[in-house]
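Quick note: the coordinates plus some simple rules give every number you see, no bench work behind them. Keep in mind that this is a model prediction, so the values were computed, not measured. All Cβ positions, even for glycine, are placed from backbone atoms using ideal geometry, and neighbour counts span all protein chains on display.
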Amino acid sequence: MSDMLLELRSIHKAYNGVTALDGVSLSVGRGEVLGLVGENGAGKSTLMKILGGVIPPTSGSISVDGTLYDRLSVNEAARQGIAFVHQELNLFENLDVASNVFIGREPRRGGLLQLVDTAEIHRRVVPILSRLGVDFGPSDAVENLSIAQRQMVEIAKALSQDARVIIMDEPTSSLTLTETARLLKVVADLRRAGVGIIYISHRLGEIEEIADRVVVLRDGRVVGELLAGSITHAAMIRLMIGRDLKSIYLPPSGEAAAKGLEVEGMVTRAYPDRRIDLAVRRGEIVGLAGLVGAGRTELVEAIFGVDPPLAGEIRLDGRPIRIGGVADAIAHGIYLAPEDRKRCGLIVEQSLMHNMTLADLGHYARLWLVDGTAERRQAEVQRKRLGIKAESVAADAMTLSGGNQQKIVLGKWLSMSPSVMIFDEPTRGIDVGAKSEIYRIMRDLADSGVAILMVSSDMEEVIGVSDRVVVMHEGRIGGHLERHAFSEHNVLALATGQNHLTESAHP
């Protein structure tokens, strides 16, 4: 017991009589990585809020290094060396990296004036960023960083606190394979230094690689624990959803059409000296892989008109079309489900209904007035079609899980009969059960004749979902892979500018 840093004992939490946690007990020791998995709604977030002092438990106790508490406050959790790496980024875009890392904990100088010691902050941040191997510095403005880079700032913030227990909530949801490997190395270093880590992730491959022990939550209860040697994808999924699941992916369907979306000689602002040729046929799912900075998001945003291309031609079903802005893309039935759904795909303060109808509001207008009954009817159709778990279409988007929010983004476009659907990181931060539902929707769309282009940094997703894979490298197409040539080695080889591919087929 002397090696136990943290123990939660019989934690219960109820909201207005509804049980969110039912007698949850878990522990993490010095130098141990505890994997915590479960579908959205299993109770992981509630448990972490209790541990961080954000909310109190209804009953139960928390022991930190042998000291027993009925509950922790936010300040007490911090004083006890408990730090968080949150999935939802909590950064100040108008400040630089160093200021964000030490926000609220700034070293000061100047006697009575107590001015923030900016030089000291930057000095302390440099070795942390070096440890993470990032490609930005302490003086860089957060507003200019990508989502993946911002996630690394969140991780740097936790490392700066010299924490004894670090809770990582989906820390790699927006990271590439290279960045993920770097983070897992940092986790291994922290383990050797005696830090206890609770690692929450829907990427079960990471859990299998890094965890010493796994606790599985389902419906607010601990339903199982896996020890080293028994931690496998199959075992975790079986406990998470209560049944065996041979594959969360649907197999590719029949032959694709001859035409669909064609991009020829496209030039984006990110890489003005590179030309891109790409084709996505109706009836197929094309995975777009590559490292962060390869130009994938810039390409799909150019196709969708967010940042129109500098040159090149776009054809739909063999006919040239002009994309001068988002309205042009929408008019041609080309739709984008963006990577950052909360910031770019939803108005989270608005209802499910308003989010679903906003892009086509003119369709519901009668004499310049919106027909609320027609809006509600269409939103209800999409809610049932997509299996969105919400009390009603009047529920605010912010109250729903990540998987259900992603379905709202899709429902917005599905009611408008897409010709081309572009998915940018479609299952970021979504649990395995919701992932399978998103994949089913994608496959159904492809089967109905929609051309699907999917940007993903999740190797399993790229290989498992795609009918064909296109890999980008430094602003150009590095190569194409047909399904018989799918493998992690081949995708990585093309993503890093190599061409020595293997012939080992992905089953």
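Computed on segment 246-396, with alpha-carbon pairs under 8 angstrom and 6+ residues apart, the relative contact order is 17 percent. Summarising the strand pairing of segment 4-241, around 60 percent of its internal DSSP beta bridges are antiparallel. Distance between the modelled labels on Thr67 and Gln161, one decimal in nanometres: 1.5 nm (7 Å Cα→Cβ projection).
Working note: Cα gyration tensor of the chain, eigenvalues times five, square-rooted, sorted largest first, giving semi-axes of 38, 27, 25 Å. Note on Asp328 and Ala359: their simple-model spin labels are 1.8 nm apart, each label 7 Å out from Cα toward Cβ. If you plug the beta carbon distance of Glu106 and Asp396 into 1/(1 + (r/R0)^6) with R0 = 22 Å, you get a FRET efficiency near 0.05. Among Thr427, Thr58, the order by Cβ neighbours within 10 angstrom, fewest to most, reads Thr58, Thr427.
When the Cα gyration tensor is reduced to axis lengths a ≥ b ≥ c, the ratio a/c is 1.5 or higher for segment 246-325, and with a/b not above b/c it is classed as oblate. Look at His233, His202 and count the other Cβ atoms within 10 Å of each Cβ; fewest to most, that gives His233, His202. The slack between Glu208 and His12, meaning 0.36 nm per residue of separation minus the straight C-alpha distance, is 67.7 nm. Compared with the direct C-alpha span, the chain from Glu460 to Lys389 gains 22.9 nm at full extension, assuming 0.36 nm per residue. Counting only lysines at least 8 places from Lys13 when in the same chain, those with an alpha carbon closer than 20 Å to its own are Lys44, Lys49. Placing R0 at 56 angstrom, the Cβ-Cβ distance between Arg221 and Arg269 gives a FRET efficiency of 0.65 after rounding to 0.05. Summary of packing: across the peptides 474-482, 164-172, the per-residue average of other C-beta atoms within 10 Å ranks them, highest first, as 164-172, 474-482. Which whole-angstrom value gives the distance between the alpha carbon centres of segment 1-24 and segment 345-419? That distance is 36 Å.
Computed over the Cα atoms of segment 348-441, pair by distinct pair, the Kirkwood hydrodynamic radius stands at 13.6 angstrom.
Estimated from helices alone, the mean residue ellipticity of the chain at 222 nm is -9000 deg cm²/dmol (sum of -39500 (n - 2.57) over DSSP H runs with n ≥ 4, per residue).
When Asp328, Asp162 are sorted by how many other C-beta atoms sit within 10 angstrom of their C-beta, beginning with the fewest, the order is Asp162, Asp328.
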